[in-house]
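Throughout, read-outs are computed from the coordinates displayed, never taken from laboratory work. As the structure is a computational prediction, the values presented were derived from the model and not from experiment. Here the Cβ positions follow ideal geometry from the backbone for every residue, glycine too, while neighbour counts run over all protein chains shown.
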Amino acid sequence: MRERIIDCGNGFWNIRGSFKIGGLIQIGTQASLVRLGDGRFVMLDSYTLSPDLLAEVDAITGGREKITAVLNLHPFHTLHSEAMHRDFPDAAHFGTPRHLRLFPKLTWGALTTDDPILWERFAPDLEFSTPEGVELIPDNERIHCGSILAYHRPSRTIHVDDTFNYRPPKSEGKSGKLGVHPTLSMALEKRAGAAQAFRDWGAGLVARWEDAERLCAAHSGVLSPERLGADSMRGALVSALAGAEKKLDRHARKHG
């Protein structure tokens with residue numbers, strides 16, 4: 001996979017990076033660079049930038065000191081935390097509780113990225129949301145459904161790691177689809193009401209972010225409605241949530 005920066009317009013750049021499972025299977029990863037309304041910049045997620053990518057970031061921002069914060073949004077995307085602290089020493093770095101636990105010697109902000117109080121610092125340029133009814137940091141480290149989603153309204157771009165992902169077409173000539181992460185069943189909290197909480201969260205997300213035009217997914221790239229076989233990103237999100245209904249029904253029958 002070629003490392004590159006994709007200009008999504010209106011102050012949002014998606015950085016496509018390399019990530020191989022077991023060092024062999026390339027699934028890719030991402031970070032995003034966002035320009036705030038006051039001229040500062042924020043990084044969503046971490047990635048070890050090559051000298052060429054760093055030069056591109058410098059050209060966009062006018063200097064790395066312009067990056068005010070790095071926000072790590074997925075608890076199990078941690079491989080590049082040390083590199084980001086090294087390359088952006090002037091930025092405030094924020095992570096999930098798992099980031100702080102794994103790298104206690106790094107300098108972290110007092111708030112974690114799942115805290116709505118932190119989200120308020122970057123409004124109105126960025127909006128954030130964490131799925132309800134699912135564990136953000138489960139004990140089973142293979143369950144990656146939970147994350148913090150970000151929406152950049154000026155560019156109408158959603159940045160998401162794993163909670164929603166791309167499902168390739170089953171046959172040639174067909175479109176892929178957006179889906180909820182396949183570990184949803186295991187990620188749902190083992191309590192009554194968890195399935196309904198996830199449904200309500202999804203419906204609220206669609207309502208608030210209905211004008212989105214693209215979705216940047218960690219392991220799939222920049223997704224347009226056309227690539228997802230939908231007439232709008234709203235339609236793609238609605239379809240993805242509808243596709244999770246069987247799992248939600250099974251959970252509700254078992255736990256209430």
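Would you mind working out the magnitude of the charge dipole of the chain relative to its Cα centre, with +1 at each Lys and Arg C-beta and -1 at each Asp and Glu C-beta, to the nearest 20 Debye? Provide the component values of the computation, followed by the final result.
Numbers: 32 positive and 32 negative charges, 178 e Å.
Magnitude of the dipole: close to 860 debye.
Suppose every Lys and Arg Cβ carries +1 and every Asp and Glu Cβ carries -1, with no other charges. What dipole size does region 26-118 come out with about its Cα centre, to the nearest 20 debye? Walk me through the numbers before you get to the answer.
Values: 8 positive and 11 negative charges, 46 e Å.
Roughly 220 debye, rounded to the nearest 20.
Does region 36-122 classify as rounded, prolate or oblate by the C-alpha gyration tensor (a ≥ b ≥ c root eigenvalues; a/c under 1.5 gives rounded; else a/b over b/c gives prolate, otherwise oblate)?
Numbers: a/c = 2.09, a/b = 1.27, b/c = 1.64.
Note, shape of region 36-122 comes out oblate.
Pick the calculated Kirkwood radius over Cα pairs in Å for this structure from [x] 19.1; [y] 18.2; [z] 18.6?
Among [x] 19.1; [y] 18.2; [z] 18.6, the one derived from this structure is [z].
Name the long-range amide H neighbours of Lys177: under 5 Å, sequence gap of 5 or more, or other chain; modelled H, no Pro or chain starts.
Under 5 Å from the amide H of Lys177 lie the amide H atoms of Arg167, each far enough along the sequence or on another chain.
Would you calculate a helix-derived [θ] at 222 nm for the chain, using -39,500 (n - 2.57) for each DSSP H run of n ≥ 4 and dividing by the full residue count, to the nearest 500? Don't jump to the answer; show the numbers that get you there.
Working: 8 runs with 68 residues, N = 256.
One gets -7500 deg cm²/dmol as the mean residue ellipticity at 222 nm.
Residue by residue through region 232-241, what is 3J(HN,Hα) from phi via Karplus (6.51 cos²θ - 1.76 cosθ + 1.60, θ = phi - 60°)? Round to whole Hz and write x for glycine and proline.
My calculation for region 232-241 gives 7, 5, 4, x, 5, 5, 4, 5, 4, 5 Hz in order.
Excluding same-chain residues fewer than 8 positions from Lys105, which aspartates and glutamates have a Cα within less than 20 Å of its Cα?
Result set, ordered by chain and number: Asp45, Glu82, Asp87, Asp90.
Please report the spacing between the Cα centers of region 151-172 and region 204-256 in Å, no decimals.
The distance from the Cα centre of region 151-172 to that of region 204-256 comes to 8 Å.
How about Lys246: which lysines have a C-alpha closer than 28 Å to its C-alpha, ignoring those fewer than 8 places off in the same chain?
Result set, ordered by chain and number: Lys170, Lys174, Lys177, Lys190, Lys254.
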